[in-house]
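Chemist: Provided herewith is a single structure, encoded as C-alpha cells, for subsequent inquiry.
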Amino acid sequence: MVSKCLYCGNELVEVMSWKGLFYRVPPFLCNECEKHLMIIDGKRCSGCSRSLEELSSDFIKGEQCLDCDRWESDYEWKGVLRQNESLYQYNDFLKEYLAQYKYRGDYVLAKPFAHTLKNYIEKSEIDIVIPIPLSDERLYERGFNQSTALLEEAEVRPSCLLTRFHSEKQSKKTRKERLQQEQVFQLGEVDVKGKSILLFDDIYTTGTTLRQAAKLLKEAGAAEVSSLTLARG
Ligand SMILES: [Zn+2]
Ligand SMILES: [Zn+2]
C-alpha cells in the first residue's frame, strides 16, 4: 500500500515488521516528519509537564517549575487544576504543523495524534472530557474548534459544556491583567457535582486559560479537574 505523508506529501512506504503484525496503526506521517514530533520524556514538571531538563535550576522548585510553584502558592489558584499533562514539545515543527491544522482548517492533520490521545484518555479515570472552546467570533472565522476535532478524531466524545465570551487575544496583557479580568467562560446547565473532569486544549502556554475553566468547574462542584494538551509551549 502506498499513500502520502499528510504533512509533506512524501510517499509512505508501509514496512512490514513484527510490530506491524500486532499493532496496525496506518502511518500518517513519513519518517522525516514523524521524527520532528518530540514526545516530552525525561524529567518533567509534576504540575504542567514542562521538561525540566532544559530549565536552569533557578526555575525549578522541587518537582515543579517555578510557574507551577507560583500558581500553587497563590491561595486563590492552589489546587484548582490538579495537573496538566502534555504529550509533545511545542517545537518549530509542531508550531508549523498546528498552524496548518488550525488556520488552514486541514482537519485531516488531527489523524496522527488520534491513537495516542485515545489511549491516554481511555487509561485515565475521567467522567467528562471538555474541550476548551473558542469564542463564537473565532469559531466563525476558523470554521471549527481544533481541540474538539482532535478529540473526535480520537473517538473521544467531547462534552462541549463551556462557552467562551471573551476574545482569545490575551497575549498583550500581563499575567496579572489576565488573572484580574473577569471569567471568560460560562458553564451550561449541567450538573458537574462530584465529577472528575479532563479539560483538553491544543497547547499549554501560561496555564491561565485552563485554570480559568477549571476554577469555574470547581466552583460548580466538580471533584477534580485536570488537563491534557497536545503540546507544552
Ligand atoms: Zn512527511
Ligand atoms: Zn510546571
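Chemist: Who wins for biggest fluctuation among Leu161, Leu66, Leu198 in a Gaussian network model of the chain, springs between alpha carbons below 10 Å?
Modeler: Fluctuation is largest for Leu66.
Chemist: Mean Kyte-Doolittle hydropathy of 0.5 or higher plus an axial Cα length of 20 Å or more: which whole DSSP H helices in the chain meet both?
Modeler: In the chain, no H run is both long and hydrophobic enough.
Chemist: Can I ask one more? As a test of the formula, what do you get for the chain when each DSSP H run with n ≥ 4 contributes -39,500 (n - 2.57) and the sum is divided by the residue count, at 222 nm and rounded to the nearest 500 deg cm²/dmol?
Modeler: Roughly -9000 deg cm²/dmol at 222 nm, from the helical runs in the chain.
Chemist: A follow-up question, please. Which pairs, out of Lys78/Lys215; Lys118/Lys193; Lys43/Lys215; Lys193/Lys215, put more than 21 Å between their alpha-carbon atoms?
Modeler: The pairs that break the limit, which is 21 Å between Cα atoms, are Lys118/Lys193; Lys43/Lys215.
Chemist: Continuing with the same structure: Taking amide H positions as placed in the peptide plane 1.01 Å from N, state which residues far from Arg82 in sequence (5 or more) or on other chains have amide H under 5 Å from it.
Modeler: So Arg82 has HN proximity to Val225, Ser226.
Chemist: Give the Cα extents of region 42-232 along the principal axes, in whole Å, largest first.
Modeler: Here the spans come out as 41, 39, 37 Å, largest first.
Chemist: Mind checking which of Glu137, Glu34, Glu76 has the largest fluctuation in a GNM of the chain, springs on alpha carbons under 10 Å?
Modeler: Evaluated over the chain, the most mobile residue of the options is Glu76.
Chemist: Simple spin-label model, 7 Å along Cα-to-Cβ: Ser73 to Asp92 in nm?
Modeler: Going from the Ser73 label point to the Asp92 one covers 3.5 nm.
Only the coordinates and a few stated rules stand behind these numbers; no lab work does. Everything numeric in this text was worked out from a predicted model, so none of it was measured. Neighbour counts are summed over all protein chains in view; Cβ atoms, including those assigned to glycine, are modelled from backbone coordinates with ideal geometry.
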